[in-house]
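The values are calculated or read from the model by the stated rules, or taken from the named source; none is laboratory data. This is a predicted model, so every value here is computed, not measured. Glycine gets a Cβ as well: all are built from the backbone with ideal geometry, and neighbour counts include every protein chain shown.
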Amino acid sequence: MEFYDKVKTSADFISERVKERPSMGIILGSGLGELVELMEDKEIIPYRDIPYFPVSKVEGHAGNLVIGRVGTEVLMVMQGRFHYYEGFSMRELTYPVFVMKLLGVEKLIVTNACGGINRSFHPGDLMLITDFINTAWDNPLIGDNDERFGLRFPDMSEPYSRELIELAKSAAGRLSIEYKEGVYAMHQGPYYETAAEIRMYERIGADAVGMSTVPETIAASYLGIKTLAIACITNMATGIRTGKHSHEEVLRIAAEAGDRLLEWVKEIIVSEKRS
Ligand code: HPA
């Protein structure tokens, strides 16, 4: 079966299960998943029930699509995301973004936990991602192109929507939330970078580094979905400060910053609907 037809089958399955079609997609990073608790009229669909949908092999990982409302905006939230380091191909791990497109999603908000490279950053900082560097050296558009989705050679000069960035900044202003801005580089993972790799990332202009977000951004941009991404700096990257990394530390700092991020994302969703 052609890729397009698989995506269509998945999207048709989902639209039969929900009352209203989502207009905004949300992909949340480690320790940042509490948005789902605020949603109303929720329909929860396990990934494994959706034809052709990828399923994480990691035991204990939530794997649900949650479709419901925050205010008047109908959201499609991925409870559990897919990572390149799990062994998914770039095309597989961005499959949900293609499904979002056929369901009518026009805007996407992505969050993540990542390491800070910019020396003015601190753990717990939130960073609006203004651009990316694809140092995963792979992307979801490689392979056959179906023009029904997008162009063979898509522009990537505005991977993050300037309009949504402005909206996010005004929302932060209203809530007195401080934020940084910067460029996010993707490292394949799952190991945290070496100090020499971080020196390279710093020299090529990255402010932060993490193991996600870039594939979803590339797919969304190609599909004409406007994207906003907010990173939570959970630690300073290797060698920027001494000390070893641990996933527990990443989750702890992400959870501490989570309330601020959640409040911010909620305000963005509500004001986006008004604008
Ligand atoms: N590097 C890569 N990914 C990460 C980091 C990091 O330092 N912290 C959280 N995710």
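General observations
- Qualifying residue in segment 13-25 (condition: out of contact with any helix residue (DSSP H, G or I) (no Cβ under 7 Å at 6 or more places or on another chain), buried (at least 21 other Cβ atoms within 10 Å of the Cβ) and modelled with pLDDT under 95): no
- Qualifying residue in segment 237-245 (condition: under 30 Å from Asp146 (Cβ atoms) and touching a residue at least 12 places away in the same chain (Cβ under 8 Å)): no
- Scanning segment 117-163 for residues that are surrounded by 12 or more Cβ atoms within 10 Å (Cβ to Cβ) and of a type in the set (A, V, I, L, M, F, W, C) yields Ile117, Phe121, Leu126, Met127, Leu128, Ile129, Phe132, Ile133, Ala136, Leu141, Phe149, Met156.
- Some residue of segment 175-194 being in contact (Cβ under 8 Å) with a residue 24 or more places away in the chain and within 18 Å of Ile26 (Cα to Cα): no
- Whichever residue in segment 227-275 is near the ligand (Cβ under 10 Å from one of its atoms), β-branched (Val, Ile, Thr) and in contact with a Pro (Cβ under 8 Å, 6 or more places away or on another chain) and, among such residues, is modelled with the lowest pLDDT: Ile253
- The test for being more than 16 Å from the chain's Cα centre (by Cα), on the phi < 0 side of the Ramachandran plot and in contact (Cβ under 8 Å) with a residue 60 or more places away in the chain does not hold for Gly71.
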